[in-house]
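The next block holds one structure in the form of structure tokens; read it before the comments.
The values are calculated or read from the model by the stated rules, or taken from the named source; none is laboratory data. Everything numeric here is computed off the predicted structure, so don't read it as measured data. Don't worry about glycine lacking a Cβ; one is built from the backbone with ideal geometry, like all the others, and counts go over all protein chains shown.
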Amino acid sequence: MPFSPFSLRLYFIMGSQDCDGRDPTWVLKEAIAGGITLFQFREKESSLTMTETVFLGKRLREICQRSSIPFIVNDRADLAMVLEADGVHVGQEDLPAVQARRLMGTDAIIGVSCEQPGEVDKAIQAGADYIGVGSLFSTRSKADAGKPIGPEAIHRIRQSHAHGLPIVGIGGIHSDNADSVVSAGADGVAVISAIASAPSPRQAAEDLCMAMDQRNRKTV
Ligand SMILES: Cc1ncc(COP(=O)(O)OP(=O)(O)O)c(N)n1
Ligand SMILES: Cc1ncsc1CCOP(=O)(O)O
Ligand SMILES: [Mg+2]
């Protein structure tokens, strides 16, 4: 599946634990109808067995494939390979990005979480396709997210790195603050609860798209 910085525009991350008891396949279909551009399967601290995780992952993978939305797996390159995912996203405590690249091959999309400029250098050397920077605002979706670093962190990384590696902001983002993340230099926003917990995931995705479009209109 082709990847470009535009793929990061509205990056939806979800696992069964994020859907408030609703069917994750329904939530994903709604989010796609609302305009998401990338999906990450993040089954974390969930009650699913590995067999159930693979079963759900396959269904979500098929839905993405039908809509030409790249499908990324969080943390686990083994699961990504089983699901024939387009890529994997790894954090600083996960499988090193360089190993993820070796396992998944040259065509895979490799994303790396970074907070510090030094981590960005390492991600570039490892051949990352994009970096996720956060948590920008306070979040309930990740217990170990730490103190919010604010959208200024994206600005700092952009200033110190002229390479233009695509950046997505993450953590506590919704339609009221998505604008500040893109203004700080991010290519897009990554969200869990803003879409997965919304009464209408489709409307929530549309609102996020519109919030970022309005910003584009202002700067043209
Ligand atoms: C796009 C994106 N950015 C950051 C993260 C966080 O990754 P990590 O720090 O490894 O934390 P977990 O998601 O594994 O809890 C992400 N998943 N996606
Ligand atoms: C996975 C992750 N990494 C940093 S913050 C976060 C959680 C983002 O979830 P939400 O969009 O609900 O704040
Ligand atoms: Mg991780």
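One table, with the values for the structure above:
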{"read-out": "Close pairs from the stretch 128-140: first over 22 Å from P96 (Cβ atoms), partner part of a loop (DSSP other than H, G, I, E, B) and within 14 Å of ligand 3 (Cβ to nearest atom), Cβ under 7 Å, at least 6 apart", "value": "L136/G171; F137/G171; T139/A145; T139/G171"}
{"read-out": "Residue match in the stretch 126-133 (condition: away from ligand 2 (no atom under 11 Å from the Cβ), out of contact with any Leu (no Cβ under 9 Å at 6 or more places or on another chain), in a helix (DSSP H, G or I) and not acidic (D, E))", "value": "no"}
{"read-out": "Single condition R158 does not satisfy, out of (1) in a helix (DSSP H, G or I); (2) more than 23 Å from K44 (Cβ to Cβ); (3) within 13 Å of ligand 2 (Cβ to nearest atom)", "value": "(3)"}
{"read-out": "Residue within the stretch 137-149 that is touching a strand residue (DSSP E or B) at 6+ places or on another chain (Cβ under 6 Å) and at pLDDT 95 or above present", "value": "no"}
{"read-out": "Filtered residues of the stretch 61-82 (kept if away from ligand 1 (no atom under 14 Å from the Cβ) and closer than 17 Å to I32 by Cβ)", "value": "R61, E62, I63, C64, Q65, R66, S67, S68, I69"}
{"read-out": "Evaluation of G111 against (1) surrounded by 20 or more Cβ atoms within 10 Å (Cβ to Cβ); (2) of a type outside the set (A, V, I, L, M, F, W, C); (3) part of a helix (DSSP H, G or I) (one fails), failing number", "value": "(3)"}
{"read-out": "Test result for T53, over 19 Å from P201 (Cβ atoms), within 15 Å of ligand 1 (Cβ to nearest atom) and in contact (Cβ under 8 Å) with a residue 24 or more places away in the chain", "value": "yes"}
{"read-out": "All positions within the stretch 66-77 that are more than 14 Å from ligand 3 (Cβ to nearest atom) and either in contact (Cβ under 8 Å) with a residue 12 or more places away in the chain or touching a Lys or Arg at 6+ places or on another chain (Cβ under 6 Å) (or both)", "value": "S67, S68, I69, P70, F71"}
{"read-out": "Which listed residue, of A145, A153, A123, is more than 15 Å from V182 (Cβ to Cβ), within 14 Å of ligand 2 (Cβ to nearest atom) and of a type in the set (A, V, I, L, M)", "value": "A145"}
{"read-out": "Failed condition for A108, given (1) within 12 Å of ligand 3 (Cβ to nearest atom); (2) touching a strand residue (DSSP E or B) at 6+ places or on another chain (Cβ under 7 Å)", "value": "(1)"}
{"read-out": "Residues (under 15 Å from V88 (Cβ atoms) and surrounded by fewer than 20 Cβ atoms within 10 Å (Cβ to Cβ)) located in the stretch 43-52", "value": "K44"}
{"read-out": "Selected residue (only one of R66, R61, R76, R101 is among the basic types (K, R) and within 16 Å of ligand 2 (Cβ to nearest atom))", "value": "R76"}
{"read-out": "Qualifying residue in the stretch 85-102 (condition: farther than 26 Å from S46 by Cα and among the aliphatic types (A, V, I, L, M))", "value": "yes"}
{"read-out": "Residue in the stretch 191-208 that is at pLDDT 95 or above, in contact with a Pro (Cβ under 6 Å, 6 or more places away or on another chain) and crowded, with 23+ Cβ neighbours inside 10 Å present", "value": "yes"}
{"read-out": "Sole residue being in a helix (DSSP H, G or I), among the aliphatic types (A, V, I, L, M) and surrounded by fewer than 21 Cβ atoms within 10 Å (Cβ to Cβ), chosen from A33, A123", "value": "A33"}
{"read-out": "Candidate set from the stretch 79-98 (those that are of a type in the set (V, I, T) and closer than 15 Å to A123 by Cβ); member that is farthest from ligand 2 (Cβ to nearest atom)", "value": "V98"}
